[in-house]
1. Of the numbered conditions (1) of a type in the set (Lys, Arg); (2) surrounded by fewer than 17 Cβ atoms within 10 Å (Cβ to Cβ); (3) within 25 Å of GLN55 (Cα to Cα), LYS99 fails exactly one; give the number of that condition.
2. Checking the structure you have, find out if any residue of the range 127-146 is in contact (Cβ under 8 Å) with a residue 40 or more places away in the chain, on the phi < 0 side of the Ramachandran plot and among the β-branched types (Val, Ile, Thr).
3. Residue check, SER109 against (1) under 18 Å from ASN164 (Cα atoms); (2) crowded, with 21+ Cβ neighbours inside 10 Å; (3) not aromatic (Phe, Trp, Tyr), all met but one. Which one?
4. If a residue must be among the hydrophobic types (A, V, I, L, M, F, W, C) and within 23 Å of TYR169 (Cβ to Cβ), how many such residues does the range 83-135 contain?
Amino acid sequence: MKMTNINNRKKSYPLILSMFLLFATGCNFNRNNDSQQQIEQNTNATIISTDSLEQGWQRAIDSMLLVASTAKQDTNLAKLYADIGNIYYDHLNDFEKAKAYYYKLEALSETLDWNEGYYLFAACLTDILNIEGLMDSSIVIHSQVLELAKTEMNELKIAKITVNLGNCYLYKKEKLSLVTPMVLRQWKSR
């Protein structure tokens, strides 16, 4: 009896596989027109959804700013500043507003004597500074935070910050290697 069930299963696998392949192709043999129309529809939907997403992020920021205006000066407000800055940075590509909120995070963290807030400030701000090509500023900030982590003997923070600091030096070296040949060419042409 058991042997019969196994044989029936073996016979049903090709049938199941062929049914799966038939349904996976969509049972559509005239694909050219339908796929082009579907691509055009998806493209239009993406453009509309991108605009609505930006409006959604702006609404989220408006709500967060309303909360921030009445919140007491504590670590939750500092985290809220970081979240607002992250939305400006990640979703709205407004680096100046993002930096303004990261600096608010730094000021409040110093007022509260909250080292985690200072680590958060350094991580957020140096991302923007690296994109803007200000590696020296990132190196200074990472060096200060690294000293803080060493005084706390926080090995995980020391490791993360050391990697970030190394990346800044690498970016700086790459930037110099790109700029130096251009400067030499300009100097030789004089």
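1. Of the numbered conditions (1) of a type in the set (Lys, Arg); (2) surrounded by fewer than 17 Cβ atoms within 10 Å (Cβ to Cβ); (3) within 25 Å of GLN55 (Cα to Cα), the odd one out for LYS99 is (2).
2. Filtering the range 127-146 down to residues in contact (Cβ under 8 Å) with a residue 40 or more places away in the chain leaves 130, 133, 135.
Next, only the ones that are on the phi < 0 side of the Ramachandran plot stay: 130, 135.
Keeping just the survivors that are among the β-branched types (Val, Ile, Thr) gives none.
The answer is no; no qualifying residue exists.
3. (1)
4. The first filter runs over the range 83-135 and keeps only residues among the hydrophobic types (A, V, I, L, M, F, W, C), leaving 84, 87, 92, 95, 98, 100, 105, 107-108, 112, 114, 120-125, 128-129, 131, 134-135.
In the following step, the residues that additionally are within 23 Å of TYR169 (Cβ to Cβ) were identified as 95, 120-125, 128-129, 131, 134-135.
Adding up the residues that qualify gives 12.
Bear in mind these aren't lab numbers, they're just calculated from the coordinates by the rules spelled out. Quantities reported herein were computed from a predicted structural model and do not represent experimental measurements. In this analysis, Cβ positions are derived from the backbone assuming ideal geometry, glycine residues included, and neighbour counts consider all displayed protein chains.
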